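Structure, as structure tokens:
The values are calculated or read from the model by the stated rules, or taken from the named source; none is laboratory data. None of these values were measured; they are calculated from a predicted model. Neighbour counts run over all protein chains shown; Cβ positions are idealised from the backbone, glycine included.
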Amino acid sequence: MPAFDIDADMIRRLAGLIDETGLTEIEFDDGRKRIRVARTAVQTTTVMPQTAAAPAPAPVEQAAEPAAPALDRTHPGAVTSPMVGTAYLGPEPGSPSFVKVGDRIAKGDTLLIVEAMKVMNQIPAPRGGTVKQIVVANGSPVEFGELLMIVE
């Protein structure tokens, strides 16, 4: 197998062109060898959805928040997420939720599931009582310590 000489100067010049022009990839072919330099556009991909998505929900949330009572994770009946993941209210898609507002529950009953790293973690009720409010939406991402529901 013939050795392939790497032309480091050519790669640097192509990388410089990518920086100057904002391209994500560039390819050079002189008939004997071909060099392709590419960069992932992670930053651009991340910025675009945030820019497009951020203004739309803001008016909706501002209109909805004054009507809803202010709840936080310090509420005596607060059930918070023990991990970062995705919250699911039922055991599988299309099935009924584990609990609904107004349901009586016992300590240890499964309230919902938080999926973290492809592991489904059942979140048990820390105490018995009545489900007063479900704060999290099915399939929504949750952070550690985020309020999930209120049980009184």
- Task: Output the residue which, of all residues in the range 28-51 that are surrounded by 10 or more Cβ atoms within 10 Å (Cβ to Cβ) and among the aliphatic types (A, V, I, L, M), is modelled with the lowest pLDDT.
- Result: Val47
- Task: Restrict the check to the range 11-27 and report whether at least one residue is surrounded by 13 or more Cβ atoms within 10 Å (Cβ to Cβ), modelled with pLDDT of 85 or more and part of a loop (DSSP other than H, G, I, E, B).
- Result: no
- Candidate set from the range 106-117 (those that are charged (D, E, K, R) and farther than 15 Å from Ser140 by Cα); member that is surrounded by the most Cβ atoms within 10 Å (Cβ to Cβ): Asp109
- Tell me, which strands (runs of 3 or more DSSP E) wholly within the range 77-152 include 3 or more residues that are free of Cβ contacts under 8 Å to residues at least 24 places away in the same chain? 119-124
